[in-house]
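Only one structure is covered here, and it is reproduced in the block below.
The values are calculated or read from the model by the stated rules, or taken from the named source; none is laboratory data. Small disclaimer: the values here were computed from a predicted structure and weren't measured. Cβ coordinates were reconstructed from backbone atoms using ideal geometry, including for glycine residues, and neighbour counts include every protein chain displayed. For the accessible areas, the whole protein counts, side chains as well, though only heavy atoms, and no ligand, DNA or RNA atoms are used. Shrake-Rupley method; radii C 1.70, N 1.55, O 1.52, S 1.80 Å.
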Amino acid sequence: MKGIILAGGTGTRLRPMTNIINKHLLPVGKYPMIHYAIRKMAEAGITQLMLVTGKQSAGLYTEYIGSGKPWGVQVSYGIQDEAGGIAQALGIAESFVRPGEKLMVLLGDNLFEDSLKQAADEFQRQKGGAHVFLKKVPDPERYGVAELVDGRIVRIVEKPDNSPSHYAVTGIYLYDSNVFDVIRSLKPSMRGELEITDVNNVYAAAGQLGHSMLSGWWTDAGTHRSLMEAGARLIGREEP
């Protein structure tokens, strides 16, 4: 299984800090935010990773991560020349994934407690499809939200006014290699971007979207408050 970490974006909600540095390099506890995504991949047994980021920050990432040796992984780099959405950023990794391979995708600002190893191992054994990780939240209007019928996701609604559930879709995904065909079939959203929710809804419509519930803490660390709270949780962690 290959690992893809998406670390682009402009970090609008974290300005003015992100005026000078990519948000995934901001400190969270002892380490830059991106450190934890790489560690989660390594813990899940995924050792071949690609990090996709914007060209403005690529040098800083290579300076900190290098080849990935401190984590026991091999890291390649992909460059997103301009903001085009999460799905477009994922599409950059197509040449990194061989036909038939599975992939784990993490948004670099997702910080969480749960191990992903069991879910990754189970997904590796299944024939294909996609898998998302849900977390019950008090404010679902901030997220893409799963609509569940008989325990199955039938669709994901992005930032709904009337939410079908309180289960947010976190930025942790598992896909088969057909995801790149799905991305090519997408049309840009009203924002002019290729949306990962649209990718997941293609799998949901085909009855191929599985899910797991995160039991531990999770945050997307996209606001000053969530960044501070994540740092408070992780400040005492001494593991590399």
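Using a 1.4 angstrom probe with every protein chain in place, what is the largest-first accessible-area order of 117, 55, 187, 40? Could the numbers behind the result be given before it?
Values: 117 85, 55 125, 187 165, 40 30 Å².
Reading off the accessible areas and sorting them downward yields 187, 55, 117, 40.
Ranked highest first by average number of other Cβ atoms within 10 Å, how do 205-214, 24-33, 63-72 line up?
Numbers: 205-214: 15.7, 24-33: 19.6, 63-72: 13.5.
Result, highest mean first: 24-33, 205-214, 63-72.
Can you give the accessible area of residue 155, probe radius 1.4 Å, in Å² rounded to 10?
Spelled out: residue 155, probe radius 1.4 Å, area about 120 Å².
Shape verdict for the stretch 117-218, please, from the Cα gyration tensor: rounded (a/c under 1.5), prolate (a/b greater than b/c) or oblate. Write down the numbers at each step before the final one.
Numbers: a/c = 1.70, a/b = 1.06, b/c = 1.61.
Oblate is the answer for the stretch 117-218, as a/c is 1.5 or above yet b/c matches or exceeds a/b.
To check you understand DSSP bridge types, tell me what percent of the beta bridges within the chain (both residues inside) are antiparallel, rounded to 5. Before the final figure, lay out each step's value.
Values: 22 of 43 bridges.
Just about 50 percent of them are antiparallel.
Each residue of the stretch 56-69 in order: what ³J(HN,Hα) in whole Hz does its phi give by Karplus 6.51 cos²θ - 1.76 cosθ + 1.60, θ = phi - 60°, with x for Gly and Pro?
These are the phi-based 3J(HN,Hα) values: 5, 10, 4, x, 5, 5, 5, 5, 7, 8, x, 7, x, 3 Hz.
Roll a 1.4 angstrom probe over the protein heavy atoms and tell me the percent of accessible area of the chain that is carbon or sulfur. Numbers along the way, then the final one.
Working: 5810 of 11610 Å².
Answer for the chain is 50 percent, counting heavy atoms of protein chains only.
When only C-alpha pairs under 8 Å and at least 6 residues apart count, what is the relative contact order of the chain, in percent? Spell out each step's value before the answer.
Working: 468 pairs, mean separation 60.1, N = 240.
RCO, the chain: 25 percent.
With a ≥ b ≥ c the root eigenvalues of the C-alpha gyration tensor of the stretch 95-134, is it rounded (a/c under 1.5), prolate (a/b larger than b/c) or oblate?
Numbers: a/c = 2.34, a/b = 1.39, b/c = 1.68.
Here the stretch 95-134 falls in the oblate category.
Please list, ordered by chain and number, the residues whose modelled amide H lies under 5 Å from the amide H of residue 48; skip anything fewer than 5 residues away on the same chain.
Under 5 Å from the amide H of residue 48: 3, 74.
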